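Please find one structure pasted underneath; my questions will follow.
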Amino acid sequence: MPNIYDIRRRGAVLFMIATVAVAAVFLLISDRLVDDLSKQERDRMQIWADATREIASANPSDNLDFLLSIIEGNHTIPVILVDNDDNILDHNNFELPEAEDEMSPWVLSAANEEFLREHLTRLKKTSNVIHIVISPEETQHLYYEDSVLLRKLSYYPYLQLIVMIVFVAVVYFAVTATKKAEQNKVWVGLSKETAHQLGTPISSLMAWVELLPSYGVDEEVVGEMDKDVNRLKVIASRFSKIGSPPSMVAADISAVIGRAAEYMRSRISGGVDLKIELASEPLRVKLSDSLIEWVIENLIKNAVDAMEGRGKLTVSTFAETGYAVIEVTDSGKGIPRKAFKTVFNPGYTTKKRGWGLGLTLAKRIINDYHHGLIFVKDSEPGVGTTFRVQLPLTVQNSNAM
């Protein structure tokens, strides 16, 4: 049965597919409009070329008003008419750098000549040309640019695509943020209610622990029970503070990790060989010790489950390029490479019991509260897994290294 994360991911994929399909339809329609307009402009230029040919071959007595009206009726498409030697015979609809002489419009200034030559060179590299056969000895060539309307329309699909991408991104992130906020409210409420419900039995247990020595219970047993009751008190306190910014203080991360690992040593399977390898020098990090302890305990529990209660487990700390590094390495069944990132997603679990939230909360504690990183460093099925946590060292540590 797919978990919540898988359902959300599939929904997101379907949403993106639908968006791409809609965008593709709009782009296809726009592209066809551009093609149709381009063909219409070529047809207009063909009529313009035919009129030019008819005027060139007409008798002086022929009425050329209609043909001239066709030539003069082009107010949108820039054109350059040249002969076989590339002499410019006519031009229209170009914004020339200098005003033309009204008395001699066919005489080009040097600046206008250079301007039109540049456009002619560029147009020769396109297919926008119509060859006009005036006579067997004379052929003229009509080069034309796309009209302003066509150029604007050709940019429209890209503008439309950008607007659609921005719109979809805004909608997607708005919906995601709303869902995340709702989920956070649910988890905060659930956590505070859990802490409230745990308060009464924990207080009762603390009272009973104080009475046990009077009943002749071994002091060592009472001491261990007292540790567990105090641990429950700490856990309840953690749940009650969820949703509120944790208190962050500078401390030696190795001491915190060592304390958490030692607590877990007597509470995991005897078949697990736990080794604790701490850095020789203090690694000062700004942290919440109770939250970091929770992360390490969670990683150790997951490692023990992966080894099914038997194997080698190593918890180590060391410094590396401005970071305090914690690694938890087990000899368990390993994690497939494709699941290196998804193990931190809500609902991901390989166990028959549990909600699959341990690593999700661990990632939030490390990333959001401690501005660090937690990830699967390496893993091989049947060999084992190493989880790595990186926390930025304080300024004092960074200068000392």
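The values are calculated or read from the model by the stated rules, or taken from the named source; none is laboratory data. Keep in mind the model is a prediction, meaning the values are calculated, not measured. No Cβ is skipped: glycine too gets one built from the backbone with ideal geometry, and neighbour counts run over all protein chains shown. Note: accessible area is taken over every heavy atom of the protein model, side chains too, but ligands, DNA and RNA are not part of it. Shrake-Rupley method; radii C 1.70, N 1.55, O 1.52, S 1.80 Å.
From Leu68, Leu108, grab the single residue that is modelled with pLDDT under 85, assigned to a helix (DSSP H, G or I) and either closer than 19 Å to Tyr143 by Cα or in contact with a Pro (Cβ under 9 Å, 6 or more places away or on another chain) (or both).
Result: Leu68 is the single residue among Leu68, Leu108 that is modelled with pLDDT under 85, assigned to a helix (DSSP H, G or I) and either closer than 19 Å to Tyr143 by Cα or in contact with a Pro (Cβ under 9 Å, 6 or more places away or on another chain) (or both).
Additional query: Would you mind finding the one in Lys351, Lys338 that is modelled with pLDDT under 90, part of a helix (DSSP H, G or I) and within 24 Å of Glu380 (Cβ to Cβ)?
On the way: Lys351 fails: part of a helix (DSSP H, G or I).
Checking each option against the conditions leaves just Lys338.
Are any residues in the range 207-224 open to solvent by 60 Å² or more (accessible area, probe 1.4 Å) and part of a helix (DSSP H, G or I), and if so, which ones?
Initially, the range 207-224 is screened for residues open to solvent by 60 Å² or more (accessible area, probe 1.4 Å), giving 208, 210-211, 213-216, 218-221, 224.
Those that are open to solvent by 60 Å² or more (accessible area, probe 1.4 Å) and part of a helix (DSSP H, G or I): Trp208, Glu210, Leu211, Pro213, Ser214, Tyr215, Glu219, Glu220, Val221, Glu224.
Name the residues in the range 63-95 that are of a type in the set (Asp, Glu) and open to solvent by 70 Å² or more (accessible area, probe 1.4 Å), would you? Steps first, answer last, please.
Our first condition is that a residue be of a type in the set (Asp, Glu); within the range 63-95, this holds for 65, 72, 83, 85-86, 90, 95.
Across the range 63-95, the qualifying residues are Asp65, Glu72, Asp85, Glu95.
Further, regarding this structure: Is it true that some residue in the range 272-285 is farther than 25 Å from Gly332 by Cα and among the charged types (D, E, K, R)? Let's see the steps before the verdict.
Within the range 272-285, the subset farther than 25 Å from Gly332 by Cα is 280-285.
Right, trim to among the charged types (D, E, K, R) and you get 281, 284.
Yes, the conditions are met somewhere in the range 272-285.
Only one of (1) loosely packed, with under 15 Cβ neighbours inside 10 Å; (2) part of a loop (DSSP other than H, G, I, E, B); (3) modelled with pLDDT of 80 or more fails for Lys333. Which number is that?
Unmet condition: (1).
With respect to the numbered conditions (1) more than 21 Å from Tyr156 (Cα to Cα); (2) surrounded by 15 or more Cβ atoms within 10 Å (Cβ to Cβ), which one is the sole condition not fulfilled by Leu27?
(1)
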